[in-house]
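Following: one structure in structure tokens, then a few remarks.
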Amino acid sequence: MTDPQIVLAQRVQQALAAAFGAEHADADPLIRPSQFADFQANVAMSLAKRLRRSPREVAQALAAELSDFPGTVEVSGPGFLNITLDDSWIAGEATGMLRDPRAGVGTVTPAQTVVIDYSAPNAAKEMHVGHLRTTIVGDALARVHEHVGNTVIRQNHLGDWGTPFGMLIEHLLDIGEETAVAQLEAGMGTEFYQAARAKFDGDDGFKARSRTRVTTLQSGDADTLRLWHVFMDATVRYFNKVYGMLGVTLTDADIAGESMYNPMLAKACDDLEAAGVAVLSEGALCLFPPGFTGSDDKPLPLIIRKSDGGYGYASTDMAAIRYRVHDLKADRILYVVGADQALHFRMVFAAAQQAGWLPDTVSAEHVQIGMMLGKDGRRFKTRSGESIKLMELLQEAVERASAAIAERGYDEATRAEIAQAVGMGAVKYADLSVSHDSEYVFDFDRMLKFTGNTGPYMQYATARIRSIFRKAGVMPADADGAIVPAEPAERALALHLLRFGALVEQVATASEPHALCAFLFETASLFSTFYEECPVAKDGVDAETKRQRLALCALTLRVLEAGLDLLGVPVPERM
């Protein structure tokens, strides 16, 4: 059950070696979908000059070597190869895919340990819409990597340490632990922070206490650490409510916040200085990775210890990258973080390589997340200019989804269950369907539509297939007949489904969840055409045709459900 395009590429490369010598076997066959056949190979056009032969002559030599191919190969125009697969080959591959428990998705060899840094809200403030994309994209990548056989280590790099915690702990003491915990568990982190900040700015006594509290926190004072844990535990309980509503796979065991690396920072700085990689510059300990200059053309510093002895993001990120390589044994590290941090991560990666902490055998990649915009094309905020609370946004999605299905006659419990799935599916799919590094317009009206490339449309497509099976009186798991694509719409759908396994591997390799969304949308569209043109269980359809078409329906359902599950999009039984 291999992607036909990959099968063709391999066969054309074999033909290149046979026709022109082994030195040409690694040439890109340039296989593309074609409107004149299933696929078109354009390699003859690019190779002709090297061979000093005409493109058409090269194409004819390749066609001769492909005479035993399961299909037809024709030379077209100046030297294109038009390739049409045999229906029997498609039928055999599609039937095999239906009977494969993994629906054609293989496992990578060798498997890798993939560390994925994602979500990472700041514990000093509320989770806002800016955390939505990093959470959704990171979780989809974690699901995909696990599905293809990699060992995934999720790292929720919480902002849970630093100077703000002095004033936050003092404010907690002022209002009482019970009141503070209630506020934090209710998602009032921003309000809590703002109240503490107002006192810090307006009350010199509070400011002095806060600064002293930072010192006791950093020195490991037992009572201060207990208060910090009270604050953090309440905050994490609220984060988990958001994660639970979104249906992401992060757990408390995945938390690896800034506080975790605090004990490592002094040694990291000492080691870098001893190795001669870090140097003092204007009182601060800095790394100067090669190739980075500022607007004044002077080398750009990565400050790992400030002149006052304090540490910052670069300090933590350097310690984290060493920990992930040395302790977690990562083969690949994905940082699912905003695109505005691109320069920072390029410098951290370069500095880690310079220090020998990031060897060539380990890949560190910044999966850049573009900004979320409102319909006005500006950063998505409330009318007063504040960041929108993520929980409020998700609750509104569910309320709008509930209104959208209000006229469908469901009882209250069923309606609530479907609305939850549709609301979360709409939000997540709308995000994942665009390239993660591009800006993204958040628009409830568009994402909740039941037409077009939306979550509700994809969910409806699966529900419609299930309804076919209910009417036919057959369970999808029992539809195990051979797939025989006799009609053009059947053939187009079956041929497309064969790409699923390779597509999932591509998503893992290139960190492109949007490619999976595009594939699933095309799957649903091709199924819609098939359903309109090829009756499945209507009167007049003979038993064998019905069995064959139900098998194709079953394979389509499995691919849609598997793909949506990899994206973290819930699939309700009915819509």
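The values are calculated or read from the model by the stated rules, or taken from the named source; none is laboratory data. A quick note: this is a predicted structure, and the numbers were derived from the prediction, not measured. Ideal geometry is used to build each Cβ from the backbone, glycine not excepted, and the neighbour counts take in all protein chains shown. When the accessible area is computed, the model is the full protein with side chains, heavy atoms only, and any ligands, DNA or RNA have been set aside. Shrake-Rupley method; radii C 1.70, N 1.55, O 1.52, S 1.80 Å.
So the values come out like this:
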quantity	calculated
Filtered residues of segment 176-205 (kept if in contact with a helix residue (DSSP H, G or I) (Cβ under 8 Å, 6 or more places away or on another chain) and within 16 Å of residue 128 (Cβ to Cβ))	184, 186, 187, 189, 191, 192, 193
Whichever residue in segment 550-565 is over 22 Å from residue 417 (Cβ atoms) and touching a Pro at 6+ places or on another chain (Cβ under 8 Å) and, among such residues, is most open to solvent (accessible area, probe 1.4 Å)	558
Residues of segment 331-372 satisfying the condition of being touching a Lys or Arg at 6+ places or on another chain (Cβ under 9 Å), in a loop (DSSP other than H, G, I, E, B) and surrounded by fewer than 20 Cβ atoms within 10 Å (Cβ to Cβ)	370, 371
Residue, least open to solvent (accessible area, probe 1.4 Å), within segment 399-412, restricted to residues that are farther than 13 Å from residue 574 by Cβ and out of contact with any Lys or Arg (no Cβ under 8 Å at 6 or more places or on another chain)	401
Residues satisfying the stated conditions in segment 422-457, i.e. within 19 Å of the chain's Cα centre (by Cα), aliphatic (A, V, I, L, M) and open to solvent by less than 40 Å² (accessible area, probe 1.4 Å)	424, 426, 427, 430, 432, 447
Residues satisfying the stated conditions in segment 494-519, i.e. farther than 19 Å from residue 557 by Cα and not hydroxyl-bearing (Ser, Thr, Tyr)	505, 506, 507, 508, 510, 512, 513, 514
Number of the condition not met by residue 122 [criteria: (1) farther than 27 Å from residue 379 by Cα; (2) open to solvent by 10 Å² or more (accessible area, probe 1.4 Å)]	(1)
Subset of segment 131-183 [on the phi > 0 side of the Ramachandran plot and either at pLDDT 95 or above or under 12 Å from the mean Cα position of the chain (by Cα) (or both)]	149, 176
Near pairs, Cβ below 6 angstrom, 6+ apart or cross-chain, from segment 84-105 (within 17 Å of residue 492 (Cβ to Cβ)) to any residue that is among the hydroxyl-bearing types (Ser, Thr, Tyr)	84/72
Residues that are touching a strand residue (DSSP E or B) at 6+ places or on another chain (Cβ under 7 Å) and within 29 Å of residue 259 (Cα to Cα), drawn from segment 293-311	300, 301, 302, 303, 304, 305, 306, 307, 311
Options 19, 15; residue that is open to solvent by less than 20 Å² (accessible area, probe 1.4 Å) and in a helix (DSSP H, G or I)	15
Where a residue in segment 143-154 is within 12 Å of residue 333 (Cα to Cα) and its partner, wherever it lies, is hydroxyl-bearing (Ser, Thr, Tyr) and assigned to a loop (DSSP other than H, G, I, E, B), with Cβ under 9 Å and at least six apart	154/118; 154/119; 154/249; 154/251
Members of segment 258-278 that are touching a strand residue (DSSP E or B) at 6+ places or on another chain (Cβ under 9 Å) and surrounded by 21 or more Cβ atoms within 10 Å (Cβ to Cβ)	258, 268, 272, 278
Residue satisfying all of: in segment 76-119; of a type in the set (Asp, Glu) and part of a loop (DSSP other than H, G, I, E, B); least open to solvent (accessible area, probe 1.4 Å) among these	100
Selection from segment 522-544 of residues that are assigned to a helix (DSSP H, G or I) and open to solvent by less than 60 Å² (accessible area, probe 1.4 Å)	523, 524, 525, 526, 527, 528, 529, 530
Near pairs, Cβ below 9 angstrom, 6+ apart or cross-chain, from segment 335-346 (over 19 Å from residue 508 (Cα atoms)) to any residue that is in a helix (DSSP H, G or I) and open to solvent by 30 Å² or more (accessible area, probe 1.4 Å)	338/130; 341/313; 344/313
Qualifying residues in segment 49-75 (those that are over 30 Å from residue 551 (Cβ atoms) and hydroxyl-bearing (Ser, Thr, Tyr)) - the one most open to solvent (accessible area, probe 1.4 Å)	67
Of residues in segment 227-257 being under 21 Å from residue 192 (Cα atoms) and β-branched (Val, Ile, Thr), the one surrounded by the most Cβ atoms within 10 Å (Cβ to Cβ)	235
Identity of the residue in segment 125-140, assigned to a helix (DSSP H, G or I) and open to solvent by 10 Å² or more (accessible area, probe 1.4 Å), that ends up farthest from residue 501 (Cα to Cα)	130
Selected residue [of a type outside the set (Ser, Thr, Tyr) and without any contact (Cβ under 8 Å) to a residue 12 or more places away in the chain] from 253, 352, 275	253
Residue 481 being at pLDDT below 95 and either assigned to a helix (DSSP H, G or I) or open to solvent by less than 10 Å² (accessible area, probe 1.4 Å) (or both)	yes
Residue in segment 33-45 that is at pLDDT 90 or above, in a strand (DSSP E or B) and of a type in the set (Phe, Trp, Tyr) present	yes
1 or more residues within 20 Å of residue 239 (Cβ to Cβ) and open to solvent by less than 40 Å² (accessible area, probe 1.4 Å): qualifying helices (runs of 4 or more DSSP H) within segment 141-226	164-175, 177-185, 189-202
Residue 571 outside any helix (DSSP H, G or I), open to solvent by less than 40 Å² (accessible area, probe 1.4 Å) and either of a type in the set (A, V, I, L, M, F, W, C) or modelled with pLDDT of 95 or more (or both)	no
Pairs where the first residue, in segment 529-543, is in contact (Cβ under 8 Å) with a residue 60 or more places away in the chain and the second is open to solvent by less than 50 Å² (accessible area, probe 1.4 Å), C-beta under 6 Å, 6+ apart	536/468; 536/549; 537/472
Any hit, segment 303-321, residues being more than 30 Å from residue 189 (Cβ to Cβ) and buried (at least 20 other Cβ atoms within 10 Å of the Cβ)	no
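Each row is one residue, and each column tells you yes or no for (1) within 23 Å of residue 138 (Cα to Cα); (2) within 35 Å of the chain's Cα centre (by Cα); (3) not charged (D, E, K, R).
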{"site": "234", "(1), (2), (3)": "no, yes, yes"}
{"site": "244", "(1), (2), (3)": "yes, yes, yes"}
{"site": "263", "(1), (2), (3)": "no, yes, yes"}
{"site": "285", "(1), (2), (3)": "no, no, yes"}
